[in-house]
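Peer 1: Before we start, here is the structure in question, set down as structure tokens.
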């Protein structure tokens with residue numbers, strides 16, 4: 001992928017994440033049981049992923065690739081499921097703005113810590129006053145959105 005498309009693609013993905021949270025809230029309301037709603041949501045993702053893999057099965061990892069994989073690498077989907085489940089339960093009560101804003105702000109804060117400490121094999125990127133100010137502005141913005 002050409003690097004010039006990276007930020008527009010991420011921007012569209014972020015917009016879709018906000019829409020998806022509202023869709024999941026409607027799914028939860030219709031299904032009544034949040035665990036059933038979560039299961040339906042993730043089964044659709046699973047079927048899509050299997051379909052895409054069937055169309056594009058290459059490349060495949062080598063045994064060495066799998067052996068070098070960190071033990072925690074496959075857990076990314078589970079961590080994402082927590083965010084989906086939280087939004088599914090809370091979007092109707094709090095609104096799309098506060099739920100998505102808090103999710104993104106928490107993501108920013110965690111990402112800054114991951115970068116700063118080089119966690120999960122990421123290259124370190126030190127905190128500085130500008131990055132801290134950006135996180136503070138995110139917190140202030142979400143507070144305003146949630147309050148008003």
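Matching residues to (1) touching a residue at least 60 places away in the same chain (Cβ under 8 Å); (2) more than 27 Å from residue 70 (Cβ to Cβ):
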{"residue": "100", "(1), (2)": "yes, yes"}
{"residue": "108", "(1), (2)": "no, no"}
{"residue": "113", "(1), (2)": "no, no"}
{"residue": "116", "(1), (2)": "no, no"}
{"residue": "121", "(1), (2)": "no, no"}
{"residue": "125", "(1), (2)": "no, no"}
{"residue": "131", "(1), (2)": "no, no"}
{"residue": "134", "(1), (2)": "no, yes"}
{"residue": "137", "(1), (2)": "no, yes"}
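Peer 1: So, one more: When you scan segment 104-113, do you find a residue that is touching a helix residue (DSSP H, G or I) at 6+ places or on another chain (Cβ under 8 Å), in a helix (DSSP H, G or I), modelled with pLDDT under 95 and within 16 Å of residue 25 (Cβ to Cβ), even just one?
Peer 2: No - not one qualifying residue is present in segment 104-113.
Peer 1: A further question on this structure: Among (1) at pLDDT below 95; (2) in a helix (DSSP H, G or I), which single condition is residue 1 missing?
Peer 2: Condition not satisfied by residue 1: (2).
Peer 1: Looking only at segment 63-94, how many residues end up being over 18 Å from the mean Cα position of the chain (by Cα) and either surrounded by 11 or more Cβ atoms within 10 Å (Cβ to Cβ) or at pLDDT below 95 (or both)?
Peer 2: 4
Peer 1: Look at segment 30-76 and say how many of its residues are outside any helix (DSSP H, G or I) and either farther than 24 Å from residue 91 by Cβ or touching a residue at least 60 places away in the same chain (Cβ under 8 Å) (or both).
Peer 2: Initially, segment 30-76 is screened for residues outside any helix (DSSP H, G or I), giving 32-33, 56-62, 69-72.
Of the ones still in play, those that are also either farther than 24 Å from residue 91 by Cβ or touching a residue at least 60 places away in the same chain (Cβ under 8 Å) (or both) are 56-62, 69-72.
Residues that pass the stated criteria total 11.
Peer 1: Considering segment 114-133 alone, what residues qualify as being within 20 Å of residue 10 (Cβ to Cβ), surrounded by 12 or more Cβ atoms within 10 Å (Cβ to Cβ) and out of contact with any helix residue (DSSP H, G or I) (no Cβ under 7 Å at 6 or more places or on another chain)?
Peer 2: 115
The values are calculated or read from the model by the stated rules, or taken from the named source; none is laboratory data. For clarity, every value in this text was computed on a predicted model and none was experimentally measured. All Cβ positions, glycine included, derive from the backbone under ideal geometry; neighbour counts span all protein chains shown.
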